[in-house]
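Heads up: the structure comes next, in structure tokens.
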Amino acid sequence: VMVEKQGFKHYMLKEIYEQPGVVRACLEAYFDTEWSAAKASSPTKIGLSDAVLDDLQQVQIIACGTSWHAGLVGKYLLEQLAGIPTSVHYASEYRYSASPLTKNTLTIGVTQSGETADTLAALAMEQERRSTLSSGFEARLLGITNRPESSLGHLVPNIIETHAGIEIGVAATKTFVAQVMAFYSLAIDLTYRRQARSSEALEQLLDGLRQLPAQIELILESQERYIEELAHDFAETQDFIFLGRGINFPIALEGALKLKEISYIHAEGYPAGEMKHGPIALLDAKVPVVTIAMPGTVFEKVLSNAQEARARDARLIGVTPMDEQEAADTFDTLIPVPHVDEILSPILTVIPLQLLAYHIAARRGLDVDQPRNLAKSVTVE
Ligand code: G6P
């Protein structure tokens, strides 16, 4: 398939800009657009049977790289919305030390390409283990992929397709956002089945999801120029720290991964509350700290963690809503994002971090779409 850059300097930037459309496509594919609390049917239409989703005791998620980060967001959603204990594993680790299996375990492999060797091997092992248990259990294996025709598609009995379109840039952007959307649909489906939230709460969540495409557009329109300017400040920077908590901890990891993949700058993503147990020793005026601070359960905590970094002279950059005075007072530099329910915020907070990584790398004249030593999909162990 020939995919053009359509006037963008790199595929990665084009793919960042495609994200509002990707979220719209996922909303259309996964959710009943007419749904309201008055309806007596599921708000989702992901088409997974009762044999896959009923009576779950636990979920385990297996993935690599950016897909593993999507899995961490998925864990937050499955636990906090649907109330199902969930574990997330690196496929390369899991395949040599699998967790004990119980009958009502749903195993989910997340792979954009559907071809990552470690993820496929871990899932094949899970399939094998299941076939030795009682019948009916084989159904509880699910793949989340952008390529349903891939090896993964042939391996597992159930697929949620991510509607991102083909992704060329080696550093994943739009496929990540689509994977997170798939987890919203799965978590909401399970929440509905288990009646873990009221219909009104689900309706509110769906309303929030529907706002996301326009909110991503707003970030792209209002922040890209600014982030491009900001990138000039980091011509000499050698280390970055990214902090987040709760549902935005995986976004801190993803922001750090994007930056190291394409700019070759050392970056660490950390849960903000853990900074005092190590990374704080690295901080000085030369190490920028990017903190994701969204109103919700951990907002005050994150701000006070950021203030600890300030005491070490670090430059503090905050991804935070425009109208939060305490955040504005805490950070030296603000990258504003719309006010949104915390549970929906990762889809928004990841966008400026993608743009920051992109512009820092592009400014250094690097091959953004084909970074050194990396492959789009790793088909060998
Ligand atoms: C490679 C790519 C990453 C990707 C990872 C997992 O390392 O460079 O961008 O996140 O593989 O790929 P998958 O296709 O399994 O999602």
Setting aside same-chain residues fewer than 8 positions from Lys301, which lysines have a Cα under 16 Å from its Cα? Lys276
Distance in nm between label sites at Ser131 and Glu79, each 7 Å beyond Cα in the beta-carbon direction? 3.3 nm
Scan of the chain for chymotrypsin sites (Phe, Trp or Tyr not before Pro) in DSSP loops with at most 14 other beta-carbon atoms within 10 Å gives a longest site-free stretch of 97-381
Show which lysines lie in cross-link reach of Lys260 when reach means a straight Cα distance below 19 angstrom and same-chain residues fewer than eight apart are skipped. Lys174, Lys286, Lys376
Going by how many other beta carbons lie within 10 Å of each one, how would you line up Glu274, Glu115, Glu261, Glu128, fewest first? Glu128, Glu274, Glu115, Glu261
With a ≥ b ≥ c taken as the square roots of the eigenvalues of the C-alpha gyration tensor of the range 190-281, please select rounded if a/c is under 1.5 and otherwise prolate if a/b is larger than b/c or oblate if it is not? oblate
Calculated from backbone phi, Karplus (6.51, -1.76, 1.60) coupling profile of the range 166-178 in Hz, x at Gly/Pro: 5, 10, 9, x, 5, 6, 5, 10, 5, 6, 4, 4, 5
Once amide H atoms are built 1.01 Å from N in the peptide plane, which residues 5 or more positions from Ala196, or in another chain, come under 5 Å H to H? none
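Using helices alone, I'd like the mean residue ellipticity at 222 nm for the chain: each DSSP H run of four-plus residues gives -39500 (n - 2.57), total over residue count, nearest 500. Kindly include the intermediate steps, with their values, before the conclusion.
Details: 13 runs with 165 residues, N = 381.
After summing the helix terms and dividing by the residues of the chain, the value is -13500 deg cm²/dmol.
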The chain: angle of helix 249-263 to the longest principal axis, Cα-based, in degrees nearest 10: 60 degrees
Need the C-alpha centroid separation for the range 33-63 versus the range 108-128, integer Å. 22 Å
HN-Hα J couplings of the range 321-326 from phi, Karplus 6.51/-1.76/1.60, θ = phi - 60°, integer Hz, Gly and Pro as x? x, 4, 9, 9, 4, 5
How charged is the neighbourhood of Thr333? Take every other residue with its Cβ under 11 Å from the Cβ of Thr333, and add Lys/Arg as +1 and Asp/Glu as -1. -2
Could you let me know the centre-to-centre spacing of the range 255-275 and the range 219-250, using Cα atoms, in angstrom? 11 Å
Amide H to amide H under 5 Å from Phe242: which residues, 5+ apart in sequence or cross-chain, H placed 1.01 Å off N in plane? Glu268, Gly269, Tyr270, Val290
Restricting the calculation to Cα positions, tell me the Rg (one decimal) and the Dmax (whole number) of the chain in Å. 20.3, 60
Only Lys, Arg, Asp and Glu count, each charged at its Cβ (+1, +1, -1, -1), so figure out the dipole size of the chain about its Cα centre, rounded to 20 debye. 640 debye
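May I ask for the net charge around Arg95, where only other residues with Cβ less than 12 Å from the Cβ of Arg95 are counted and Lys, Arg are +1 while Asp, Glu are -1? Walk me through the numbers on the way to the answer.
Values: positive: Arg129; negative: Glu93, Asp118, Glu126, Glu128, Glu381.
Residues near Arg95 contribute -4 overall.
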Find out how many positive minus negative residues lie around Pro371, taking Lys and Arg as positive, Asp and Glu as negative, among other residues whose Cβ is under 11 Å from that of Pro371. +1
With everything on Cα atoms, drop me the angle between helix 299-310 and the longest principal axis of the chain, reported from 0 to 90° to the nearest 10. 40 degrees
Taking just the alpha carbons, could you work out the radius of gyration and Dmax for the range 1-141, both in angstroms? 17.8, 55
Using +1 on the beta carbon of Lys and Arg, -1 on that of Asp and Glu, and nothing else charged, what's the dipole of the range 63-174 about the Cα centre, debye to 20? 240 debye
Long-range amide H contacts for Leu334: which residues qualify at under 5 Å (H placed 1.01 Å from N, peptide plane, sequence gap of 5 or more or a different chain)? Gly318
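Read-outs throughout are calculated quantities, based only on the coordinates presented, and are distinct from any laboratory measurement. Predicted model only: the values in this text are computed from it and were never measured. Neighbour counts run over all protein chains shown; Cβ positions are idealised from the backbone, glycine included.
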